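Some notes on the structure that comes next.
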Ligand SMILES: *Cc1c(COP(=O)(O)O)cnc(C)c1O
């Protein structure tokens, strides 16, 4: 299928409208799709979002840290306010910093669902704080978009970023940038720090010619269109968020009964991904439990340098109650095998 034909342009237009609808983005927002993994979309927004002013980065995990690394690679001035990986962001510390330093920044960048540990950062509170100090917000919503309700009519985030392969349940290969139209106009004269990932250039191609600026992963766009259809058929964000949160509750109850403790306090849980402390049970090995479950078709994740040794259980994708029960039986069988 030729991505330069009008037929493909129609598909692109339809997918962009569906992408906007997921987060209730009004006519003042634009969706821009980019070939690449999620990080490409984050890098495109970061590279394009500021002139000479800096970016304030709020970090409580590996993805916040990645934003800092991207800014450093692109030589964008930035400042980091950190919490331990497993703790909430400290809003009073952030506000105290903004009181004297807000003038140095153009943008506050942060992660909505910090997938490193499964913490849901408070998007509304941080967005409101940023707006109070006349700052733009750039939100990595990679693993919350289409899994947790985000309402852009309520929370007027300036740049919201996700990808085709997380809670929207498509195949990997496309980044999704949802950006205010007025901002696209504002950034067009900002310094260019990337050619391929120039957000405004990619926007212009998609807007003016109805084509991607560069060859897109054609098959991924078709699959993403179907993934959006499945999302709306399921009942949209309320239904999907409820399915995920029901699966999470079932998983958490079972894991707690088996003796596992969560790394993060419950009120911060995203209900999308949960980090558990490695138990002190004799002979327990995460790698062995992983391999034991993997042999049964179940994939779980190791921890990611959190404040304590941990491993991670995610419950996104086309999963149902029976899948979670199978998982819990598998963990139980592994624990039994230790004695
Ligand atoms: C998955 C993820 C990313 C992007 O990772 P890629 O491997 O580039 O797709 C970025 N931020 C968060 C919070 C994520 O969960």
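The values are calculated or read from the model by the stated rules, or taken from the named source; none is laboratory data. Since the model is a prediction, treat every value here as computed from it, not as a measurement. Ideal geometry is used to build each Cβ from the backbone, glycine not excepted, and the neighbour counts take in all protein chains shown.
Within segment 279-299, the set of residues being in contact with a helix residue (DSSP H, G or I) (Cβ under 6 Å, 6 or more places away or on another chain) and in a loop (DSSP other than H, G, I, E, B) comprises 296, 298. Going residue by residue through segment 280-290, is there one that turns out to be surrounded by 12 or more Cβ atoms within 10 Å (Cβ to Cβ), in contact with a strand residue (DSSP E or B) (Cβ under 9 Å, 6 or more places away or on another chain) and within 30 Å of residue 82 (Cβ to Cβ)? Yes, segment 280-290 contains a residue that is surrounded by 12 or more Cβ atoms within 10 Å (Cβ to Cβ), in contact with a strand residue (DSSP E or B) (Cβ under 9 Å, 6 or more places away or on another chain) and within 30 Å of residue 82 (Cβ to Cβ). Remark: pairs (first residue in segment 110-130, closer than 13 Å to residue 88 by Cβ and near the ligand (Cβ under 10 Å from one of its atoms); second residue outside any loop (DSSP other than H, G, I, E, B) and modelled with pLDDT under 95; Cβ separation under 9 Å; 6+ apart in sequence or on different chains) = 114/85. Residues that are surrounded by fewer than 17 Cβ atoms within 10 Å (Cβ to Cβ) and either modelled with pLDDT under 95 or under 21 Å from the mean Cα position of the chain (by Cα) (or both) within segment 250-267 comprise 265, 266, 267, listed in sequence order.
Condition check ((1) under 28 Å from residue 240 (Cα atoms); (2) under 18 Å from the mean Cα position of the chain (by Cα)) across all residues:
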| position | (1), (2) |
| --- | --- |
| 1 | no, no |
| 5 | no, no |
| 10 | yes, no |
| 13 | yes, no |
| 21 | yes, yes |
| 31 | yes, yes |
| 41 | yes, yes |
| 55 | no, no |
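Between 179, 139, the distinction of being within 16 Å of the ligand (Cβ to nearest atom), in contact with a strand residue (DSSP E or B) (Cβ under 8 Å, 6 or more places away or on another chain) and in a strand (DSSP E or B) belongs to 139 only. Just so you know, in segment 142-155 the residues that are under 17 Å from the mean Cα position of the chain (by Cα) and more than 16 Å from the ligand (Cβ to nearest atom) include one that is surrounded by the fewest Cβ atoms within 10 Å (Cβ to Cβ), and it is 151. When the test is whether a residue is touching a residue at least 60 places away in the same chain (Cβ under 8 Å) and surrounded by fewer than 21 Cβ atoms within 10 Å (Cβ to Cβ), residue 186 does not pass it.
The residues listed here are 71, 167; of these, the one that is part of a helix (DSSP H, G or I) and either more than 16 Å from the ligand (Cβ to nearest atom) or surrounded by 18 or more Cβ atoms within 10 Å (Cβ to Cβ) (or both) is 71.
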